[in-house]
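Take a look at the structure set out below.
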Amino acid sequence: MSDQLGAAQHTLPFVPDDTAAEEAPEGDWVADIAVDAPGKDVYSYRVPPELMQSLAVGDGVEVPYGGRRVRGFVWRRHAQPPSGVRLRAIAVHRQEIHLPPHLLAVVGWAAGYYRCHLGSFLAAAVPAPVREGVRLRPTRMVAPHAESGATLTKRQRQVLELLPEQPIEWAAALRLACCSSSVLERLAAVGAVHVEEHRTIDEHHLISKEESFALSDEQQVAVDAVAASLSQHNVFLLYGVTGSGKTLVYLDLAQRVISQGQQVLVLLPEISLTPQLAARFRRRFARVAVWHSGFSAGERAEQWQRVASGAVDLVIGTRSALFAPLPDIGLIVVDEEHDPSYKQDSEPRYQGRDLAVVYARQLGIPIILGTATPSLESYHNAIHGRYTPLTLKQRPGGGALPTPLLVDMAQECRAQGRKAVVSQALIDHLRLSCERGEQGIVLLNRRGWAPIVECLACGHVVMCPHCDIGLTYHKGSDQLRCHYCGYETAYPDACPACHEPALSSKGLGTEQLEHLLKQAVPGMRTLRVDADTVGRKHAHARMLSRFAQGEADCLVGTQMVAKGLDFPKVTTVGVIQADRGLSIPDFRAAERTFQLVAQVAGRAGRGSHPGTVVVQAFDTEAPALRCALSLAVKRFYTAELQQRAEHSYPPHAGMLRFLWSGPSLRRVQNHAETVAGAITPLLNDCRLLGPTPSGITMIKDQQRWHALVKGPSRRAIQRLMDRIAAANIALDCSGVRCAVDVDPITIC
Ligand SMILES: [Zn+2]
Ligand SMILES: [Zn+2]
């Protein structure tokens, strides 16, 4: 790690030089190569005469490295070899791979800012099949055949309904319809879908006549504001209440950018939202690529090259879509910008939304951050004039905002005379919705049957043997499961500590909640959406579409049910244990709770029916809940910013987290303390908190210690990291890994 940091500092600032190839004078030429191997960020190599003309910045190469050959990318070319050093020559020029210079620039910036090895960041940004040069095979395109007249099974009809009208890639169709290849093969055999091996349809724009694209006055104002500054950098914070039609604004602007011959990048927080939104973009534009991690190697390589060749006008996907090699981006959209899943919490650690803003600045183009509940950072930037706020206050469909109802569960428990879980108010509203043929959504941010299994005789809580976390009881499979490492075990007959047969489960998860709701409202058809039901089958999109089609009366689930989906028939929304998140020791707890409750509340009454939101809590005075329900956005943000300022938390400060982990607790602790000691004299205007055992002291048999650094600004944090790098402090050592997390999201 120390070596990495030293190198990162050495190569800053990252300015890829794409003019070098043209100006090549005679003589010995040097190329700095970002190698896909540990060590320094870049190494210098000699350019052999036969490559003098053809080798460009961004090209893939193979170079000798130690006793082997490794792959890498040309980072820059220059005339001056390091004095007195004899360079080895580039071995292979992989002409089939080329990264656009602007993509190199943003990855370079990210590697520097997030203190990640440049080669590792490039390896993460460029899919492995592309780096490895997987051989391409023709892509099959599939589209429904309108007048086939074939007799179909129910399942086949379901699949057919999920397919868009114009051809899409085979693999994309499988994901969209959540079906296996054999289902599509059969549909093709009976003539219900049309399959072709090439993409002629992709070559021209298809604009559907069916959907109305008329903008409301508010939407028009937002579109005009962005349209007036296309081709110059500006960050727009599009604050629109749920149901206010942000997507229509994106679509209109995308249309303008695409008609200028440029491309559009649309980022979403969750893969499950992609099919819904992608379908809306596909109805308007023909050349849309959905950027997924679920592609096969061949598909990934093919898609990468198709995007790089300019054959795609719009890329839509989760945070890694930021690295799609679009040749000439004219607009970036980050939808649901407040969502924590834009942060990648494994290496390379980066904040996708923040990086998108940097990218737009480098490209000199506008970027839109869309949300109904802005992140505190973006809100802060907007009120200080760094971002341009745009507001959508109305729901164009005429949907009324829901009526809020805050239920005091302490009182409810007294009234119901037992440990109440679902309030009478929520039961009544769900029953009413159900009777009227409407729908409900109930959120509880905890899966399984019960989160705690404890012994009534001795108080022992059954823990995961590999993590410092209690096991969750899953009744469906009758197992105890660890949500951190996946460990599973049968429900024990007796307490592992005192051997009494006195184990009992405690607390509430979505599995049990679904059961209780069914009991409370007989006849109500429920559908549960959480990590257990969605699982590995990518069934999320299919379940939501079944709910949209009215196959269930009530959707029960974790925060998966709270995100940007549009169900016009939903008139009751319930939030169980809404204040539970507030007890998490994290300075963002109030912001998260506010966002989650406001988001899920916005799911009610999106059609013509007014809705009710029932929020259950013990702490009914909590400002995060009260403000979320009354949509007092400004009041909440003003108070929260004040709090953050008082305690020096972002956005009023810069933050950094070191997380040390390893199998030996003694080693981890010793090393954390050694590093902290070495850093302390370098702190200047920054403050070091810790090191201490991390909130969860062990995950997957790795002991965890951490330390937080707070500084007056992000810049101060960067300067500290430069000093640490210059001092050559080894952040990790044998047996102890150190993760450096700049602008951390999780701090426990
Ligand atoms: Zn016991
Ligand atoms: Zn575990």
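Throughout, read-outs are computed from the coordinates displayed, never taken from laboratory work. The model shown is predicted, which means the values in this text are computed figures rather than measured ones. Don't worry about glycine lacking a Cβ; one is built from the backbone with ideal geometry, like all the others, and counts go over all protein chains shown.
Given a cut-off of under 8 Å on Cα pairs at least six residues apart, what relative contact order in percent is computed for the range 217-392?
Numbers: 311 pairs, mean separation 65.1, N = 176.
Computed value for the range 217-392: 37 percent relative contact order.
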From Cα pairs below 8 angstrom and at least 6 apart in sequence, can you work out the relative contact order of the chain, rounded to a whole percent? 11 percent
Using unit Cβ charges (K, R positive; D, E negative) and no other charged atoms, how large, in debye to the nearest 20, is the dipole of the chain about its Cα centre? 840 debye
Can you give me the distance in nm between label points at Asp619 and Ala632, each placed 7 Å from the Cα along the Cα-to-Cβ direction? 1.7 nm
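Give me Val615, Val529 ranked fewest to most by other Cβ atoms within 10 Å of their Cβ, as a rough exposure proxy.
Values: Val615 26, Val529 22.
In increasing order of surrounding Cβ atoms, one gets Val529, Val615.
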How much length, in nm to one decimal, is gained on full extension between Glu500 and Ala645, taken as 0.36 nm per residue of separation minus their Cα-Cα distance? 47.0 nm
Starting from a Cα-only point model with no solvent, please compute log10 I(q)/I(0) by Debye for the range 536-646 at q = 0.11, 0.16, 0.20, 0.21 1/Å. -0.40, -0.77, -1.06, -1.13
Say each of Arg361 and Arg436 gets a label point 7 Å from the Cα, pointing the same way as Cα to Cβ; how far apart are those two points in nm? 4.9 nm
Extension reserve of the Thr403-Lys475 stretch, reckoned as 0.36 nm per residue once the Cα distance is removed: 22.4 nm
Listed residues Val315, Val249, Gln232: farthest to the positive end of the dipole of the range 217-392 (Cβ charges): Val315
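What length, rounded to one decimal in nm, is gained on full extension from Asp493 through to Ala228, with 0.36 nm per residue of separation minus their alpha-carbon distance?
On the way: separation 265, 0.36 × 265 = 95.40 nm, distance 6.89 nm.
Taking 0.36 nm per residue and subtracting the Cα distance, the gain is 88.5 nm.
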Projected onto the charge dipole of the range 448-508 (unit charges on the beta-carbon of Lys, Arg, Asp and Glu, signs +1, +1, -1, -1), the Cα from Ala490, Pro451, Ala502 with the largest positive-side position is that of Pro451
Ranked Cys464, Cys413, criterion: other C-beta atoms within 10 Å, fewest first: Cys413, Cys464
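Based on the Cβ-Cβ distance from Asn684 to Arg418, what FRET efficiency comes out when R0 is 45 Å, to the nearest 0.05?
Values: r = 58 Å, r/R0 = 1.29.
Taking R0 as 45 Å, the efficiency between Asn684 and Arg418 is 0.20.
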Helix-only estimate, please: 222 nm mean residue ellipticity of the chain, summing -39500 (n - 2.57) across DSSP H runs of length 4 or more and dividing by its residues, to the nearest 500. -9500 deg cm²/dmol
If we count other beta carbons within 10 Å of each Cβ, what is the order of His515, His102, fewest first? His515, His102
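Rounded, prolate or oblate: pick one for the range 616-748, where a ≥ b ≥ c are the square roots of the eigenvalues of its C-alpha gyration tensor, a/c under 1.5 means rounded, and failing that, prolate if a/b is larger than b/c, else oblate.
Working: a/c = 3.38, a/b = 1.62, b/c = 2.08.
Judged from the Cα gyration tensor, the range 616-748 comes out oblate (a/c at least 1.5, b/c at or above a/b).
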Quote the FRET efficiency, to the nearest 0.05, computed for Ile696 versus Ala726 with a Förster distance R0 of 35 Å and r equal to the Cβ-Cβ distance. 0.60
Using alpha-carbon pairs under 8 Å, 6+ residues apart, how would you state the relative contact order of the range 303-447 in percent? 15 percent
Starting from the 7 Å offset along Cα-to-Cβ, what nm value, one decimal, do you get for the label separation of Glu551 and Thr746? 3.2 nm
Sorted from largest down, give the three principal axis spans of the alpha carbons of the range 411-533, whole angstrom values. 51, 32, 21
By the rule of no other cysteine beta carbon under 4.7 Å, the lone cysteines of the chain are Cys116, Cys178, Cys179, Cys413, Cys434, Cys485, Cys554, Cys627, Cys686, Cys733, Cys738, Cys748
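For the range 448-508, compute Rh as the Kirkwood radius over C-alpha pairs and then the Stokes-Einstein diffusion coefficient at 25 °C and 0.890 mPa s; write the answer in µm²/s, rounded to an integer.
Working: Rh = 11.3 Å.
In µm²/s, the coefficient is 217.
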Between the range 492-560 and the range 271-343, how many Å separate their Cα centres? 32 Å
Any chance you could check the Cα centroid distance between the range 161-180 and the range 569-598 for me, in angstrom? 34 Å
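When a/c reaches 1.5 or more, the comparison of a/b and b/c decides; with that in mind, is the chain rounded, prolate or oblate per its Cα gyration tensor? Don't skip to the answer; put the middle values down first.
Numbers: a/c = 1.62, a/b = 1.22, b/c = 1.33.
Since a/c reaches 1.5 but b/c is at least a/b, the shape of the chain is classed as oblate.
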